[in-house]
Each structure stands twice: as structure tokens, then as C-alpha cells.
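The values are calculated or read from the model by the stated rules, or taken from the named source; none is laboratory data. Bear in mind the structure is a predicted one, so any value in this text is a computation, not a measurement. With ideal geometry, Cβ positions are generated from the backbone for all residues, glycine too; neighbour counts draw on all protein chains shown. Accessible surface is based on the protein model in full, side chains and every heavy atom, while ligands, DNA and RNA are left aside. Shrake-Rupley method; radii C 1.70, N 1.55, O 1.52, S 1.80 Å.
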Amino acid sequence: MEITILQAIGYSILGFAIVFAALIILWGIIAITAKVLGAVVTKKPAEAPAAAAPAAAAPSAPPAPGSAGEVKLFDVPDKQAAMLMAIVADKMQKPLNELRFKSIKEVK
Amino acid sequence: MSEIKDILLNLWTDSGFSLLGQDWRQIVMIAIACVLLYLGIVKKFEPLLLVGIAFGALLTNLPGGGMYHPELWDGIIAHTSGYGDVLLNGGLLDIMYIGVKAGVYPSLIFMGVGAMTDFGPLMANPKSLLLGSAAQLGVYMAFILAVLLGFTGNEAASIGIIGGADGPTAIFLTSKLAPHLLGAIAIAAYSYMALIPLIQPPIMRLLTTEKERKIKMEQLRPVSKAEKIVFPIVVTIFVILLLPSTAPLIGCLMLGNLFRECGVTDRLSDTAQNALMNIVTIFLSLSVGATTVADRFLAPETIKVIILGLTAFAFSTAGGLILGKIMCAATGGKINPLIGSAGVSAVPMAARVSQVEGQKANPSNFLLMHAMGPNVAGVIGSAVAAGFLLAVFG
């Protein structure tokens, strides 16, 4: 398709304007989506504490000897536990902070 | 004795060595293929693609091999033959090229790109979309210049899209609009993408002040998982409804991203990112390289394409930087204009260049994540630009 230079300039202005218009509308859509989803997400935690309250009243079990944070360690030194958690995270290809370890126990 | 002589003579006349002397351009193309192999292997210019493209160029220019027949594809363009003829009479590279011509490989590459891309920085700062749009300036400037240099509208559109700095998009559009320029455009696009760390910094320093380059940007907000899942679905619906011709590219890009983000298709995401991407890259690069047949590639148009491609990259970089400067002024110095140049797509190379230049001006400056926003916006922007050109000239 042969075109003149004037047509080329016209197509370019139109094309450039369409790219801008499309991405500006996309900006609006992303902003609205973020607002809507943000509202839904903030609503949920507001409801959650009410349900969680009775559970908090229950006496928590005494931590097992050697526990570090939430992880209960049974006959496992801290260093070894850290190494085990790192290996598991590596094998699962998940960041360590996304995994929850409940307890580590040496099988004898 | 004469029988042996005849056999030897036949072997000689059938051999590539005797055919090679008939057209000097094939020797030049073999040399060019070797230079491209050197650039890919030794200089590491986009090696995953350039090595395949260069080897395809080598195979197609070794006479007698019959791996690629451009005349078969002339018939397809003129609608006098179909893919059945290619399967019946074509060589190995002809058959592989069907995937390029049908737009299958660029779309599958886009699926892999989508699976590898985190659109989080873009969602955290959607203003980046403006920079991704402005960095399409080179597409249209090169388009106008190409028309000035005597190219047809279809050819000019294919040359212009080099400015999008997006290989699959350039191949997708060129295979539809000007397939005879595919080899030159693909080589120009991938070579310049590899040269981004050399092309962009002088333009960045020319168009920005030291004070602007030193600007530190605020940390981006965290983006929720739900937003990341909804994003590809929303973009697919909106962009394809707006420009249906972008469906193969945007559809595959966003499907790949949905595989990555939805959390229930990890295996598919992994396949799209690795195995599928690698297989398609081999097919795509070899078949694109095959189009560099000597008597078609060694033409003045190729030199023009190479020059226009560089112009397109320069204008795209400038476009992003200029809007970056405007946004910097409008926000009272909250945006570092260096992130604008990342809007040229070429993920993540262009964002890395912004980071490096920002750190040169201010060692405590970390622009990478901020530059990733315009960078991925550029991918969408170049697909939209290609969709527009396809709608006009397709």
C-alpha cells in the first residue's frame, strides 16, 4: 500500500494518540480495580478479629523445650533447625517467610 | 574409468562448492552469518536468539541444501499456493517458517514473557503506563522516515515497529505486513536490543540534568495477590475489545501472566517460562534466520532498515525521557525522568540501564523497580501500536 508523507504523518498522530488513549484507560481500570479489591480485602480483616477473640481466650500450650518462635524443636539444635528449614524452602522453591513450620523432631 | 570420471564430475556439479561460485552474494551472506554467530557467542548479543538466527542464515545460504524456498512463500503471499504446497515441496526451514507466518511462535514467546513478567511495579504505579506510551514515539517517527525513504506503508509500519524494542511483536507484524523484510527487521531489532546499554545512556545524559538523575523515588506500594490475578484478565478484555488485531499477542502475554499469578497452575507457568519458551525460541530464530536469502537480503533496503531501526530506538528512548521530564516537573520532582527510557520495552535490559544511570548520578539511588513499571508498560504499548498498524495496513 503506497502512502504519501502527509498520510504517514496523519496515521502516526492517530496511532500515537490511540496508544496513549488505550494505556490511559488501562491506568483508570487498574486504579479502579485496586480500589475495589482494596475495599474487599480491608473489609475481611475487620470481620476476622471478632471470630478470633474466643480463640485468644483459650490458654496457650506451654512451649516445648528448645522452641524458637512458633516452631517447636524436639531434640534439634537451633542451627540444625535453621538448616533444615532452608533446605525445605529450597526444595519447595518457596521463600522461607511463606512457609510455616510447626515443629521439628528428630526421629530416633 | 570414464564412469568414475562421470561420477566424480556429477558429484562436483551437485556439490555446494560448485554452486557457491555461481552467486557471490551467498559467500557474503555466509560471512555475515559467521559475524552474527561471533556477536552472539563471543559478544553475547542476545545469544539465545542471535545464535539461532545466524545459524538459520548460514543454512539458508549454503547452496544445494534446499532447506528454505522463498519462492514458495511468494506464492502464499500472492494467494496462488497454500501451506499444503509448503508441506509438500518445502524444506525443513520452510516447514518451521509456517509457525512464523501463522503468528504462532511470536505469540507463544509472548506467553513465556507473560509467565516471566511481574506486572506488580506497573500496578503499584500505573502512571508508568504513560511512559510506556511515550516510548512508542520511535515507532511512528521511523514509520514517517521510512515512507520518506520510499518504503510502502506496509514496509514502513514493519520498520517502525523496531522502535517498540520488542522482538516477537516486530516479527509478528512484519510476517503479516512485509515478510520479505523479516530477516533484516528481526536482526536489526535483536541487535539493537542487545546494544541498549550502549544506545540509551548518551541520550539519557543528553536529555536529563544531573539534578534530575539524582532524584530518589518513593517506595512502591505493595500489590495484593488478588490485584495480580485480576490484572491479566482485565487487560485481555479491555485491550482486545479495543484492538482485536492484538488478540494473539495480548491474549498469550496475559495468559502466561495468569498462569504465573493465579497460584494453581505453577506447572504450566514453569513450562511456559522454560521448556516451551526454549523450544519456540529455537524454531523462531532458525526460521527467521532462514529468510535472509542472499539475493533478497543483500539489497539497499536492508541498510535502510538497519539505519531506520537505530533511529527508531533513539526516538523511543527520547520520547520516554521527555515525558519523564514533564512528569518530573508536574509532580514537583518526585519522578526520576531516567525511568522514562525504560518504556521502550526490551524487558528487563532497559530497566537495568535506568538503574545503572541513576546509580551513577547518585549511588544510593535504586530505580530498578520503578523502571520496571514503564518497562512492562512498553510491552503492552508496543503490542497496541502493532495492533493499530495491523488494523490500518493488514
Report task. Among the residues of segment A:1-41, count how many are at the interface with another protein chain (Cβ under 7 Å from one of its Cβ atoms), open to solvent by 40 Å² or more (accessible area, probe 1.4 Å) and not in a helix (DSSP H, G or I). Result -> 2
Query raised in the report: In segment B:65-94, which residue that is touching a helix residue (DSSP H, G or I) at 6+ places or on another chain (Cβ under 9 Å) and open to solvent by 70 Å² or more (accessible area, probe 1.4 Å) is nearest to B:Ser191 (Cα to Cα)?
Result: B:Leu92
Query raised in the report: Which of the following residues is assigned to a helix (DSSP H, G or I), open to solvent by less than 50 Å² (accessible area, probe 1.4 Å) and in contact with a helix residue (DSSP H, G or I) (Cβ under 7 Å, 6 or more places away or on another chain): B:Met123, B:Met141?
Result: B:Met123
Query - Residue tally, condition closer than 17 Å to B:Gly289 by Cβ and not charged (D, E, K, R), over segment B:1-26 - result: 1
Report task. Enumerate the pairs (first residue in segment B:137-166 and at the interface with chain A (Cβ under 10 Å from one of its Cβ atoms) and free of Cβ contacts under 8 Å to residues at least 60 places away in the same chain; second residue anywhere and open to solvent by 30 Å² or more (accessible area, probe 1.4 Å) and not in a helix (DSSP H, G or I)) with beta-carbon separation below 8 Å, excluding pairs fewer than 6 apart on the same chain, so at least 6 apart or on different chains. Result -> B:Val147/A:Thr4; B:Thr152/A:Met1; B:Thr152/A:Glu2
Report summary line: Contact list, first residue from segment A:4-28 and of a type in the set (S, T, N, Q), second anywhere and open to solvent by less than 40 Å² (accessible area, probe 1.4 Å) and modelled with pLDDT of 95 or more, beta-carbon distance below 7 Å, six or more apart or interchain, is A:Ser12/B:Tyr140; A:Ser12/B:Phe143; A:Ser12/B:Ile144
Query raised in the report: If you go through segment B:126-138 one residue at a time, how many are open to solvent by 10 Å² or more (accessible area, probe 1.4 Å) and modelled with pLDDT under 95?
Result: 2
**Report entry** Some residue of segment B:296-312 being more than 14 Å from every other protein chain (Cβ to nearest Cβ), open to solvent by 60 Å² or more (accessible area, probe 1.4 Å) and of a type in the set (Asp, Glu)
**Finding:** yes
Report task. Assess whether A:Pro54 counts as being over 31 Å from the mean Cα position of the chain (by Cα), modelled with pLDDT under 70 and open to solvent by 80 Å² or more (accessible area, probe 1.4 Å). Result -> no
Query raised in the report: Scanning for something assigned to a helix (DSSP H, G or I) and surrounded by 19 or more Cβ atoms within 10 Å (Cβ to Cβ), does segment B:4-19 turn up at least one residue?
Result: no
Requested in this report: State which residue pairs qualify: first residue within 11 Å of another protein chain (Cβ to nearest Cβ) and inside segment B:115-132, second residue assigned to a loop (DSSP other than H, G, I, E, B) in any location, beta carbons under 6 Å apart, and separation of 6 or more residues or different chains.
Outcome: B:Met123/B:Val223; B:Ala124/B:Leu220; B:Ala124/B:Arg221; B:Ala124/B:Val223; B:Asn125/B:Leu220
Query raised in the report: What tally of residues in segment B:373-394 results from selecting those that are open to solvent by 30 Å² or more (accessible area, probe 1.4 Å) and either more than 13 Å from chain A (Cβ to nearest Cβ) or within 23 Å of B:Leu206 (Cβ to Cβ) (or both)?
Result: 0
Requested in this report: All but one of (1) more than 14 Å from every other protein chain (Cβ to nearest Cβ); (2) open to solvent by 10 Å² or more (accessible area, probe 1.4 Å); (3) within 26 Å of B:Ser128 (Cα to Cα); (4) assigned to a helix (DSSP H, G or I) hold for B:Ile326, so report the exception by its number.
Outcome: (1)
